[in-house]
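*Asks:* Take a look at the following structure, please.
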Amino acid sequence: MSADPQIPLRADARRNRDQIIAAARLIFAEYGPEVPMEEIARSAGVGVGTLYRRFPDREALIREVAVDNFSRVLQDARAAITEEPTWWQALVRLLYQSVELHLSIQLAMLSKKALEIVKDDPAITQLRDDLLVEVDTMVRGAQEEGDLRPDVGAGDVAMLFALLLRQMESRRPEIAEMSTARCITIMIDGLRANPGTPLPGRPLNRHDIN
């Protein structure tokens, strides 16, 4: 297990921990969670021994990265709700802004081991559920305002974004970034009210994707 998060860390220990998590987030997003731990330590600017003192195995590091990641996305969602003038604008901001959500989806989709950790960890499950509640609030609010098509639910939005990000592969980072932005824009246009094509079935809610 990693060190007890309830025990305050010294400033240098906290800095090392934050550097490791930040490095792992970037490396996992680009190469997946199976990258050698030595590479993560080197990228974080710490020794391998320091890494293993904070995170004794890969599972512990993946778990902490996922917790950190979902926490960031949840903060993004709540900030968007607080700061944007409409529910629709809050939803659009979250979809454009949350690159962190990309990593969460990659961790869940591209690694069986990571999927098991993300799926079964109580803290991650709670953060994920809290995020879906916020998305559900945005969706209902945007529908009441008349900006979001009435025949979608929070589960539809989550699944659309997951499917979109899974396809974002390119050898050139600038092309991947541009294509992500373009596809999100196309998706947002499809979510606007007064759609031309009715959707089959029923709206997917946040419980449908558990």
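The values are calculated or read from the model by the stated rules, or taken from the named source; none is laboratory data. Computed from a predicted structure; not experimentally measured. Glycine gets a Cβ as well: all are built from the backbone with ideal geometry, and neighbour counts include every protein chain shown.
*Asks:* Kindly list, by first and then second residue, each pair from a residue in segment 47-59 that is closer than 14 Å to residue 13 by Cα and modelled with pLDDT of 95 or more to a residue that is exposed (fewer than 13 other Cβ atoms within 10 Å of the Cβ) and of a type in the set (Phe, Trp, Tyr), limited to pairs with Cβ atoms under 6 Å and residues at least 6 apart or on different chains.
*Replies:* Listed by first residue and then by second, the contacts come to nothing, as the list is empty.
*Asks:* Something else about it: Looking only at segment 157-194, filter to residues that are modelled with pLDDT under 80, assigned to a helix (DSSP H, G or I) and of a type in the set (A, V, I, L, M); which one of those is surrounded by the most Cβ atoms within 10 Å (Cβ to Cβ)?
*Replies:* Among those residues, the one meeting the criterion is 165.
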